[in-house]
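The values are calculated or read from the model by the stated rules, or taken from the named source; none is laboratory data. Note that this is a predicted model, so its numbers are computed, not measured. Reconstructed Cβ throughout: ideal geometry from the backbone, glycine too, with neighbour counts over all protein chains shown. What goes into the accessible areas is simple: the full protein's heavy atoms, side chains included, and nothing from ligands, DNA or RNA. Shrake-Rupley method; radii C 1.70, N 1.55, O 1.52, S 1.80 Å.
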Amino acid sequence: MTTPTARQEAGAHLRPRAHFTPTGTWMNDPNGLVLHEGTYHLFFQTNPLGLEWGNMSWGHATSPDLLTWTEQDIALRFTQEEAIFSGSVVVDHDNTSGLGEDGRAPLVALYTSHYLEASPRHGTQAQSVAWSTDSGRTWQTHPGNPVLDRGSSDFRDPKVFWHEGRGAWIMVAVEAMDHQVVIYASPDLLTWEHLSTFGPVGSTAGAWECPDLFRLPVRGEPGAEAWVLVVSVGDGGPAGGSGTMYVVGDFDGTTFTAREGETGQWLDVGPDHYAAVSFDNTGERRVMIGWASNWAYAVRTPTPTWRSSMSLARDVHLARSRDGQLRLHQRPVLPEADDVLQRRFTTPAGTTRTATVTTEAGQDPLVIRVDTVGGRLRLDRSRCGDASFDPRFVPVVEAALPEHGVDVDVLVVVDGCVVEVYALDGELALTAQVFPAAALTRVTVTEVAPAV
Ligand code: FRU
């Protein structure tokens, strides 16, 4: 494997600047997102040996600002016996695990051991622990692994957080094929007790994967709060293929209960946003990152020297929408406008506007249309470079605008092969990959005349 410099690299214009990409390998889910001593850590599912899924291991990148990422050495590497599937990292401030050293709080990773043929556990998935006492640089796997095994073939993706009320660690994981989130508690991250099971609800068209659970205040309603359960669904997503769903509810330290009328919402209505989870240890902020691709075609995306990007980091909050339901709003952490193409515009109520994004030469148009009359937002990537590498790469994506009869504020961010569109203060987010022949550098916003 070579790591070409940006100058030599084929397709260099497709490589995003502020969205993390692995230097020269395959990537899927973000794992172990954690803020530790002023540094953001992003671990990620990677194949250290290639551009396709396999040999699953945890790659590692760090950033001071969620925009500039530096790739680090592989954190957890596959062995003959086990692949390292998705999971999370917590800062064990009180050293409940006893894994700290010299008074330093350890970083503790909970990840899925996916056992391979060489293992006596072959055919099962169970949860394991690794820890680091040097700020995530090197990791040791726990001799007691796996620490949580239910003899299941599809028990994976542990996301762990500290629950003040219970005074315990909580883990959400999935029984992927049963479309269930299983909830466990632990005093020390090493011994786990089953508390409850949630689901199915909402979409069950594909396996349930990569859950997350967190509490948020409701903006504009002092004292009000709710819990958000996030679940990724492997198929049947908003634009076909995989997608990320969320359910608003309550969590009493034991059981998650959906609020009345909550049947699951798409976190992002685009085709390319999956396995989104949030950072540990960010205080009052709740920041999420997703994988900016889709299992339907991820292995065939035409980037020659690496494969897949993450989304921008997004601050999320809850607000009540006009129909009375609580909805997540997402605000991206934005790069400097000089680094990455971005454009804000408003489409006044009763009008339709399009933003056309092209190369410097006016080619490879990507067209985003905001129709406040029909209440639709549409992204057409059919003429924006290579759109035919896979039949499941949908050329046109359309979504309902969540609010009607109002002016619609829109933000478009284009960074290499990733486009993110936000509308209505991020109540709607839409992420899509594009593969133009040259960099997209120009945006033209025009008003579409009403039909007479
Ligand atoms: C989600 C997923 C996870 C699993 C990982 C394997 O994209 O299928 O459920 O842990 O990818 O790479």
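Here are a few things to note about the model shown:
- In this structure, A292 does satisfy being open to solvent by less than 40 Å² (accessible area, probe 1.4 Å) and in contact with an Asp or Glu (Cβ under 8 Å, 6 or more places away or on another chain).
- Of all residues in the stretch 91-104, one or more are within 22 Å of the chain's Cα centre (by Cα) and modelled with pLDDT of 95 or more.
- Single unsatisfied condition, L99 versus (1) surrounded by 14 or more Cβ atoms within 10 Å (Cβ to Cβ); (2) within 16 Å of the ligand (Cβ to nearest atom): (2)
- Scope the stretch 390-407; condition more than 22 Å from the chain's Cα centre (by Cα) and open to solvent by less than 40 Å² (accessible area, probe 1.4 Å); matching residues: D390, E403, V406
- Number of positions in the stretch 258-278 that are surrounded by fewer than 23 Cβ atoms within 10 Å (Cβ to Cβ) and assigned to a loop (DSSP other than H, G, I, E, B): 6
- Single residue of R327, R331, R376, R343 found to be touching a Ser or Thr at 6+ places or on another chain (Cβ under 8 Å), within 24 Å of L267 (Cα to Cα), in contact (Cβ under 8 Å) with a residue 24 or more places away in the chain and of a type in the set (K, R): R327
- Within the stretch 146-157, the residues that satisfy the criterion of being open to solvent by 40 Å² or more (accessible area, probe 1.4 Å) and either under 25 Å from the mean Cα position of the chain (by Cα) or not small (G, A, S) (or both) are D149, R150, S153.
- Residues of the stretch 215-239 classified as within 16 Å of the ligand (Cβ to nearest atom) and either touching a Lys or Arg at 6+ places or on another chain (Cβ under 9 Å) or without any contact (Cβ under 8 Å) to a residue 24 or more places away in the chain (or both), total: 1
- Of all residues in the stretch 320-342, those being open to solvent by less than 30 Å² (accessible area, probe 1.4 Å) and either farther than 18 Å from A258 by Cβ or of a type outside the set (A, V, I, L, M, F, W, C) (or both) number 8.
- Identification of strands (runs of 3 or more DSSP E) wholly contained in the stretch 34-89 with 1 or more residues that are more than 15 Å from the ligand (Cβ to nearest atom) and open to solvent by 60 Å² or more (accessible area, probe 1.4 Å) yields 70-76.
- In the set (1) away from the ligand (no atom under 16 Å from the Cβ); (2) open to solvent by 40 Å² or more (accessible area, probe 1.4 Å); (3) part of a strand (DSSP E or B), H114 fails one condition alone, (1).
- Unmet requirement for I170, which otherwise passes all of (1) open to solvent by 60 Å² or more (accessible area, probe 1.4 Å); (2) away from the ligand (no atom under 14 Å from the Cβ); (3) within 18 Å of G87 (Cβ to Cβ): (1)
- Counting the residues of the stretch 62-85 that are within 17 Å of the chain's Cα centre (by Cα) and within 20 Å of T303 (Cα to Cα) gives 1.
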